[in-house]
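The values are calculated or read from the model by the stated rules, or taken from the named source; none is laboratory data. This one's a predicted model, so the numbers in the text were calculated from it and none came from an experiment. Using ideal geometry, Cβ is built from the backbone for each residue, glycine included, and neighbour counts are taken over all protein chains shown. Side chains are part of the model used for accessible areas, which takes the heavy atoms of the whole protein and leaves out ligands, DNA and RNA. Shrake-Rupley method; radii C 1.70, N 1.55, O 1.52, S 1.80 Å.
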Amino acid sequence: MGIIAWILIGLLAGAIAKALMPGKDPGGCLITMLLGIAGGLLGGWLGKVIFGVDSIDGFFSLSTWIAAVVGSVILLVLYRLIAGNRSR
């Protein structure tokens, strides 16, 4: 997959992660989109390392989307824990 596909998957995965975990985030929409892109990469890497599967089969593959959303949710949780504590 090309870099444009990764960015699109990451942006959509970030939006899905935000929908799954609603609430006020310290960084806003831009940070959520960046977390989505990084989460897509993290999810693909975790799928390969932990489960030994090629979770990056293609843009329309379900495993790619699941890995991206799971990675985005993980990063969103970590970001809320770190940034939320700093603002208090």
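Looking at the range 1-26 only, could you name the residues that are open to solvent by 30 Å² or more (accessible area, probe 1.4 Å), among the small types (Gly, Ala, Ser) and either within 12 Å of ILE74 (Cα to Cα) or modelled with pLDDT under 80 (or both)?
If the condition is that a residue be open to solvent by 30 Å² or more (accessible area, probe 1.4 Å), among the small types (Gly, Ala, Ser) and either within 12 Å of ILE74 (Cα to Cα) or modelled with pLDDT under 80 (or both), then GLY2, GLY23 are the ones that fit.
Please go through the range 27-57 and give me each residue that is modelled with pLDDT of 80 or more and of a type in the set (Lys, Arg), ordered by number.
Correct list: empty.
Residue pairs, Cβ under 6 Å, 6 or more apart or interchain, first in the range 3-27 and part of a loop (DSSP other than H, G, I, E, B), second at pLDDT 80 or above. List them.
MET21/LEU76
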